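For reference, the structure is listed below as structure tokens.
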Amino acid sequence: MFFATGSLAPEEVGAVALRLKKTVVLVGMMGAGKTAIGTGLARYLGVPFLDSDSEIVAAASMSIAEIFERDGEAFFRDRESEVISRLLDGEPGILSTGGGAFLAERNRQMIHDRGVSVLLDADVELLWNRVRHKDTRPLLRTPNPRATLEAIYAERSPIYGEADLKVQARPEYAISDMVEKVVEALKARPDVLEES
């Protein structure tokens, strides 16, 4: 049990104990903050933080780019679904997925049935400000990365919109603000997050 008290000691406020009953799967575009917010959220709730891409890399002893190159995208997507399924069956925690994982209908259904999906909804401008100086995004290694990001955003947004819950990201929000917003959204789902 974790006491959600922010920076105050439990005796300083009326501490509320929160218990996570299902795995929370963070979805959204590259740069939406799935890893940073997921790590903060897991710490806040006192549950494990899991990353499906990291699990795949560890199991294969290869980078995702190497898996794509050697075995193809279809092979990778099958492994990704297997990993997500395994992680959903484990102890409830916070799961960050790769940007493409939620695009597969089988993954969306599995997440909806056994966990809860939360879209971290950031607009293109915010995403661009976060990713434009990083070279770790293979999809953006194009002659016009901004246009590529806009095209990916337009293509994926309707599918991301099928998430169970949505939390709007804003440029002025710190990670802790987003963690609080996600917790607020989860409190609307007593089947996922229980207060006592």
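The values are calculated or read from the model by the stated rules, or taken from the named source; none is laboratory data. Please read these numbers as outputs of a predicted model, since none were measured by experiment. Here the Cβ positions follow ideal geometry from the backbone for every residue, glycine too, while neighbour counts run over all protein chains shown.
Filter region 18-47 down to the residues that are within 21 Å of residue 108 (Cα to Cα), surrounded by fewer than 20 Cβ atoms within 10 Å (Cβ to Cβ) and not polar (S, T, N, Q) and list them by number.
Scanning region 18-47 gives 21, 22.
Under 28 Å from residue 151 (Cα atoms), part of a helix (DSSP H, G or I) and not hydroxyl-bearing (Ser, Thr, Tyr): is that true of residue 65 in this structure? Give the steps one after another, and end with the answer.
Details: under 28 Å from residue 151 (Cα atoms): yes; part of a helix (DSSP H, G or I): yes; not hydroxyl-bearing (Ser, Thr, Tyr): yes.
Judged against the criteria, residue 65 is a match.
Which one is modelled with the lowest pLDDT, of the residues in region 51-108 that are of a type in the set (Asp, Glu) and under 30 Å from residue 18 (Cα atoms)? Walk me through it before giving the result.
First, pick out the residues of region 51-108 that are of a type in the set (Asp, Glu): 51, 53, 55, 66, 69, 71, 73, 78, 80, 82, 89, 91, 105.
Now drop any that are not under 30 Å from residue 18 (Cα atoms), which leaves 51, 53, 55, 80, 82, 89, 91.
On the way: 51: 95, 53: 91, 55: 94, 80: 94, 82: 96, 89: 96, 91: 96.
Checked region 51-108; the qualifying residue modelled with the lowest pLDDT is 53.
Quick test of your reading of the structure: residue 173 fulfils all but one of (1) closer than 22 Å to residue 40 by Cα; (2) loosely packed, with under 14 Cβ neighbours inside 10 Å. Name the failing condition by number.
(2)
Name the residue, out of 107, 129, that is farther than 17 Å from residue 160 by Cβ and not small (Gly, Ala, Ser). It would help to see each step written out before you state the result.
On the way: 107 fails: farther than 17 Å from residue 160 by Cβ.
Answer to the selection: 129.
Could you list, in sequence order, all residues of region 48-62 that are surrounded by fewer than 19 Cβ atoms within 10 Å (Cβ to Cβ), touching a strand residue (DSSP E or B) at 6+ places or on another chain (Cβ under 9 Å) and not in a helix (DSSP H, G or I)?
48, 49
Checking residue 156 against (1) under 16 Å from residue 102 (Cβ atoms); (2) surrounded by fewer than 10 Cβ atoms within 10 Å (Cβ to Cβ), which test does it fail?
Only one criterion in (1) under 16 Å from residue 102 (Cβ atoms); (2) surrounded by fewer than 10 Cβ atoms within 10 Å (Cβ to Cβ) is unmet by residue 156, namely (2).
Can you pull out every residue in region 123-149 that is of a type in the set (Asp, Glu), at pLDDT below 85 and in a helix (DSSP H, G or I)? Working first, answer last.
Initially, region 123-149 is screened for residues of a type in the set (Asp, Glu), giving 123, 125, 135.
If we keep only those that are at pLDDT below 85 as well, we get 135.
None; the set is empty.
Restricting region 117-126 to residues that are crowded, with 22+ Cβ neighbours inside 10 Å and not hydroxyl-bearing (Ser, Thr, Tyr), which is farthest from residue 22 (Cα to Cα)? Quick ask: steps written out before the conclusion?
Initial filter on region 117-126 (crowded, with 22+ Cβ neighbours inside 10 Å): 117-120, 122.
Those still in the list that are not hydroxyl-bearing (Ser, Thr, Tyr) too: 118-120, 122.
Working: 118: 12, 119: 16, 120: 18, 122: 24 Å.
The selected residue is 122.
List every residue pair whose Cβ atoms sit under 8 Å apart, with the two residues 6 or more apart in sequence or on different chains, where the first one lies in region 75-93 and is under 18 Å from residue 27 (Cα atoms) and the second, anywhere, is polar (S, T, N, Q) and in a helix (DSSP H, G or I).
Partner pairs satisfying both residue conditions: 80/52; 80/107; 81/107; 83/52; 84/52; 84/107; 87/52.
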